[in-house]
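The values are calculated or read from the model by the stated rules, or taken from the named source; none is laboratory data. Since the structure is predicted, the reported quantities are computational estimates derived from the model, not experimental observations. Neighbour counts run over all protein chains shown; Cβ positions are idealised from the backbone, glycine included.
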Amino acid sequence: MSIVPKETIEVISQSIGITNLSSEVAGALAPDVEYRVREIMQEAIKCMRHSRRTTLTADDVDSALKLRNVEPIYGFASGDPLRFKRAAGHKDFFYIADKDVEFKDVIEAPLPKAPLDTSLTAHWLAIEGVQPAIPENALVEVPTDGKKSEYKEDGLAIDIKLPIKHVLSKELQLYFDKIMEVTVKRSDSVLFKQALVSLSSDSGLHPLVPYFTCFIADEVAQNLSNFSLLFALMRVARSLLQNPHIHIEPYLHQLMPSVITCLVAKRLGNRFSDNHWELRNFAANLLALVCKRFGHVYHNLQSRVTRTLLHAFLDPTKALSQHYGAIQGLAALGPSVVRLLILPNLEPYLQLLEPDMLLENQKNEMRRHEAQRVHGALMHAAGLCMYDRLKAVPGLLSLPTRVVWKRNGKVVTTMQNKRKASMDNLMQQPPLKKLATDGMGVTPMNSMPVEMQGPTAGYTSAVGGSSVGGTSLSRQLPNEKMSGREVGSRVSKTSTILAQAWKEDIDAGHLLAALFEHFGESMFSFTPKSESSLFL
Amino acid sequence: MNEDVVVKFVEAYLKKKGFKQAELSFRENLQNNNSTSSSSIDFHADPELSKFILSYSEAESGPARYHDGYSKLRSWSYSSLDLYKHELLRVLYPVFIHCFMDLVARGHIQEARKFFNTFREDHEMMHLRDLQRLEGVLSPAHIEEMEFAHSLRHSKVNIKICQYSYDLLLQYLHKTQSTTILGIINEHINFQVSPGQPNSIFDDAEAVILIGSSQDAANQINQKEIHWGLLEDSLEDRLEKAGSFLSDSEKTEGETKEGDMDENKKRAVEGGKQGASSKKSKKDKAANATAKAVRPEASTVSMAPRVKPELSLPVMPAEVEQSILEDLRNRVQLNSVAMPSISLYTFINTHNGLNCSSISHDGSLVAGGFSDSSLKVWDMAKLGQQAGGSVLQGENDTASSEKKLGLDGGRRSYTLFQGHSGPVYSAAFSPTGDFILSSSADTTIRLWSTKLNANLVCYKGHNYPVWDVQFSPLGHYFASSSHDRSARIWSMERIQPLRIMAGHLSDVDCVQWHANCNYIATGSSDKTVRLWDVQSGECVRIFIGHRSMVLSLAVSPDGRYMASGDEDGKIMMWDLSSGRCVTPLMGHTSCVWSLAFSCEGSLLASGSADSTVKLWDVNTSTKAPRTEENKSSGNINRLRLLKTLPTKSTPVYALRFSRRNLLFAAGVLSK
């Protein structure tokens, strides 16, 4: 009935030498013991409140006992949690384990560090009701709010130290040194993880950004063979990019080369066990993050990045690992990039790759492995691209042929054409050339190698301008009979603009088919569920 | 009722109680009666008696009937009409605790426990603290011993209820013949039946608060007249005067000062005579407030009525007064749009030892009381200079004269005051910053000089730890509160207390002076706040409404309102003249350690254990009732939360608005 069971009273009485306590007495004492304990705990809670705490300590209980004129219980003053041990042979009988300590050990032990003395610091919690974003203050949850106060702080800083060279506070210097040390030496520790969290969330780091970017750039340049360091640096870079309080745009030009190096460098790490593929993936994602976040601010950012990557991809003299990095980077930039830049080059590239992948031809295990990696990356990129297309055009496969959609495809296509024309090194390869030049005609229809391809289209003649009553493509076999010729004749009648739009859709169809040819069954995993069922 | 049944009851009763003789004589009597065949008692005509007999017959089933009766009443009231439901639900709690205590008192401990645990959830939200205390009551002896339970048993609960709900309840009780419950309701609940519609749910803050003393007594006390106005001839007044003659302010200042000196002397002589007698003769000064409010003034403070001091007040040195006037001139006006700047003082490396902290009126000195019996004082001006920051410079120039660090200042950043022999629970600066008071678990209060860095006086009087100590707004006098359930008024020059305020039913946890020095407010673990007349030592107001221990108090600068914060994080605004709660301020999730009004009374700042400082707009509510004083029904205007300022991980122990309306906060960094 009471929380204190009778048995406890019996045990206590035994411990103080009363062996013949009758059970009625124990039964009567038990509730009283509970009452007294509760009383004392209530007093202890009062003492706790007056010590401005919210956790009860042994000291509070002691002072509560003193209030009642009871001798305090000595020996529990240390802040360590008490370790209870179960008494052997008893189910629910515990005691506090007191370790025997050699007196000699205690005397000979080195003196512990003196605890730091209490001190007092001051900072602004609010200036006219607005919290400044300084490290001493808690993070402001609302991002817009944080931005505002950050600007405010910037303004303030300018006001105060106008002509002075950039001055870093001692705390920030210490912080920077610490982060550097952890990154270089102990990147697998828990501390490093916490450092990353701090980098990605602390609000007062802005003054350190140039130092960090410089640090990353230097270290990457000097330590291409140190895999773990490279990875750690990339993590630091990512954390910085994630920090909402940092204004990192002005330093991107310093940061990007390092990231791209980690993506497409010939060798990353010097050991066989270093998983540089992973690092490349990470860097690719980082790149995508940057492009997504700052693409609109830095208008030529994405184009510069893609150009660099494309060069790496299309240069057959480069190592396969570099190709891999370039593919991953392009894939991370989004399906449209893949469609425009990778897919047109897919076929010749695969032809190039094929000999390396086959066991008979390529005796070098390492080389073969790399080739397979690259193949996998290509497949992934192409697959995702296709998935995206299918998603964007959900009716592509399922809708009846005569359904008309409104699509605005012109711009993309023309751009695609321009881009192709501008890339001179594409021209070396005959199939590409064909693709690049056949924009106007019906030729792609005939050149399509897959017989499944049966495009049919419904035009609405009423539409005009750029809003094209687009074509719907279907590869359902029954519709195959509506042959390409009929479409072709129509196309010849309509304007060239329409033809271009049409062509783009054909591209989509082409894409699918080509991918099937190249990758076979494994492509199915990238098609959306409903569509793939229709497909089959 | 059949007569035979009655006879059987009586027989059974006598047998059970072992009254053999009585039983025999009863039978003889009965036979005699039968022979005369005339019933001497008319059972049918006396429902009370039949009820008694009924209840006796029910008593056979023992403790179970409490359980049954209560659970029936509970399900009935939960299923009643929504309109009347909340009123009926209010009845449940007193019935619940009295059922429980009845069971305990009769020795059915086991059943009592079961009963308690079955239904406790219903009341946990509203009465958690009480339930926790009652839970431990396990024997009849405990009920007698425990004051809380004892007072519950011997007092009635007031419940406001509308006529219809009351009828419903009685009807139900009669219909189901649950006499046990009826008995409890009759014995322990005092219904205040009001005609008309049931009152709204929000209106019942004090409807079911169980306190030791009877509600009537509290109401009676709250009828007393108080003068909440400000002191005549305060510095603010002088500032205004000076402002009107701004051109030759120096001269006027000097004159007023001299005039003051004389006046103060006069006052000191009259001090004894003024008091209770003169108070009676005065009309309620609140009436004057409206008259004075006609004057077009910016400051809300100046609108308050003026009262004469009841204590002989200290004379302020001229240069101090000068600096205060300077501060008042430079004060920033705060309101809901113009919010204050807050400087947060963070204690680090305290090793869980800091119990309290206090900030001087100009923010330049910060004191911390530690559980190792020490009191440490930091001079922020000095600290600021070391760090090269000029943060506090603006505030400092006012008090630069009194800042000289001690001999040990070279090594330590603070001045250490040692003298107490127990944890220091509170510290307070005098208005000028010359003195610090500290109170401790060793039952003493010590006065320290910040100029001499020495202990001047040790005040002994309390018998238990002294929880709180506060200087009066003009210095010299101070008030203390203690675990011994009393609050005491002291003056610096005497080692004996001048007044002892007794009346709280539990520890007095915090104390605060009224702006005009004639009253002190105390907050207690008995969940009430009381206002005491300093001159007479009488309790003049009881504020009932908190649901847990009251931890902090603040009185508005115009003396009309008071805010109190409790353990649950609730802050309540009280109107001193009516004794009613203006509105509760909800928002904090943990103990409210500290409260402070801005100097013109438009903002309230609260610091809490949940590591936030919150700013509340109190102008919206306090201004409106003043203009339409008679119409105000209390809580039309809800005060609103203006801003929540989270600290990184620093529970805020102390808050202080400087005279220039800069807000200082102090707390300890805790991980």
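Brief remarks on what is shown
- Residue match in the stretch B:467-474 (condition: within 12 Å of chain A (Cβ to nearest Cβ), aromatic (Phe, Trp, Tyr), within 20 Å of the chain's Cα centre (by Cα) and crowded, with 24+ Cβ neighbours inside 10 Å): yes
- Selection count where residues are touching a helix residue (DSSP H, G or I) at 6+ places or on another chain (Cβ under 8 Å) and surrounded by fewer than 24 Cβ atoms within 10 Å (Cβ to Cβ), scope the stretch B:435-452: 1
- With respect to (1) over 14 Å from the mean Cα position of the chain (by Cα); (2) more than 17 Å from A:Val184 (Cα to Cα); (3) free of Cβ contacts under 8 Å to residues at least 60 places away in the same chain, the lone exception for A:Gln242 is condition (1).
- Only a single criterion out of (1) in a loop (DSSP other than H, G, I, E, B); (2) among the β-branched types (Val, Ile, Thr); (3) away from chain B (no Cβ under 12 Å); (4) under 51 Å from the mean Cα position of the chain (by Cα) is not satisfied by A:Val70, namely (4).
- Unique match (being surrounded by 15 or more Cβ atoms within 10 Å (Cβ to Cβ), out of contact with any Leu (no Cβ under 7 Å at 6 or more places or on another chain), free of Cβ contacts under 8 Å to residues at least 24 places away in the same chain and not assigned by the TED database to the domain that holds B:Leu505) among B:Met125, B:Met146: B:Met146
- A:Ala77 modelled with pLDDT under 80, within 14 Å of chain B (Cβ to nearest Cβ) and assigned to a loop (DSSP other than H, G, I, E, B): yes
- Any hit, the stretch B:128-150, residues being polar (S, T, N, Q) and modelled with pLDDT of 80 or more: yes
- Residue within the stretch A:187-194 that is under 20 Å from the mean Cα position of the chain (by Cα), over 30 Å from A:His323 (Cα atoms) and not in a helix (DSSP H, G or I) present: yes
Let's see how each residue does on (1) at pLDDT 90 or above; (2) over 25 Å from B:Tyr345 (Cβ atoms); (3) more than 11 Å from chain A (Cβ to nearest Cβ); (4) in contact with a helix residue (DSSP H, G or I) (Cβ under 9 Å, 6 or more places away or on another chain):
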position	(1), (2), (3), (4)
B:Gly565	yes, no, yes, no
B:Met573	yes, yes, yes, yes
B:Gly579	no, yes, yes, yes
B:Thr583	no, yes, yes, yes
B:Ser590	yes, no, no, no
B:Phe597	yes, no, yes, no
B:Glu600	no, no, yes, yes
B:Gly607	yes, no, no, no
B:Ser611	yes, no, no, no
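- Residues of the stretch B:453-466 that turn out to be within 14 Å of chain A (Cβ to nearest Cβ) and either free of Cβ contacts under 8 Å to residues at least 40 places away in the same chain or surrounded by fewer than 22 Cβ atoms within 10 Å (Cβ to Cβ) (or both), as a count: 3
- Within the stretch A:41-58, the residues that satisfy the criterion of being under 20 Å from B:Gly667 (Cβ atoms) and either facing chain B (nearest Cβ under 7 Å) or in a helix (DSSP H, G or I) (or both) are A:Cys47, A:Met48, A:Arg49, A:His50, A:Ser51, A:Arg52, A:Thr54.
- Strands (runs of 3 or more DSSP E) lying entirely in the stretch B:408-509 (those with 1 or more residues that are touching a Cys at 6+ places or on another chain (Cβ under 8 Å)): B:424-429, B:444-449, B:466-471, B:477-482, B:499-502
- Residues that are in contact with a Leu (Cβ under 8 Å, 6 or more places away or on another chain) and either at the interface with chain B (Cβ under 10 Å from one of its Cβ atoms) or within 18 Å of B:Gly353 (Cβ to Cβ) (or both) within the stretch A:11-40 comprise A:Pro31, A:Asp32, A:Glu34, A:Tyr35, listed in sequence order.
- A single entry from B:Gly537, B:Gly569 fulfils the requirement of being more than 21 Å from B:Leu437 (Cα to Cα) and touching a His at 6+ places or on another chain (Cβ under 6 Å): B:Gly569.
- Restricting attention to the stretch A:97-134 and to residues that are in a loop (DSSP other than H, G, I, E, B) and touching a helix residue (DSSP H, G or I) at 6+ places or on another chain (Cβ under 8 Å), the residue that is farthest from the other protein chains (Cβ to nearest Cβ) turns out to be A:Ala133.
Conditions (1) in a helix (DSSP H, G or I); (2) without any contact (Cβ under 8 Å) to a residue 60 or more places away in the chain; (3) facing another protein chain (nearest Cβ under 7 Å); (4) touching a Cys at 6+ places or on another chain (Cβ under 9 Å), marked per residue:
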{"position": "B:Glu326", "(1), (2), (3), (4)": "yes, no, no, no"}
{"position": "B:Gln333", "(1), (2), (3), (4)": "no, no, no, no"}
{"position": "B:Ser336", "(1), (2), (3), (4)": "no, no, no, no"}
{"position": "B:Met339", "(1), (2), (3), (4)": "no, no, yes, no"}
{"position": "B:Thr346", "(1), (2), (3), (4)": "no, no, yes, no"}
{"position": "B:Gly363", "(1), (2), (3), (4)": "no, no, no, no"}
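- Residues in the stretch B:135-181 that are among the β-branched types (Val, Ile, Thr), within 14 Å of chain A (Cβ to nearest Cβ) and either under 23 Å from the mean Cα position of the chain (by Cα) or part of a helix (DSSP H, G or I) (or both): B:Ile143 only.
- Selection within the stretch B:342-360: residues that are of a type outside the set (Gly, Ala, Ser) and within 24 Å of the chain's Cα centre (by Cα). The member of this set that is surrounded by the fewest Cβ atoms within 10 Å (Cβ to Cβ) is B:Asn355.
- Qualifying residue in the stretch A:310-324 (condition: closer than 30 Å to A:Pro207 by Cβ and of a type in the set (Gly, Ala, Ser)): no
- Among residues of the stretch B:505-533 being of a type in the set (Ser, Thr, Tyr) and away from chain A (no Cβ under 14 Å), the one that is farthest from B:His483 (Cα to Cα) is B:Tyr519.
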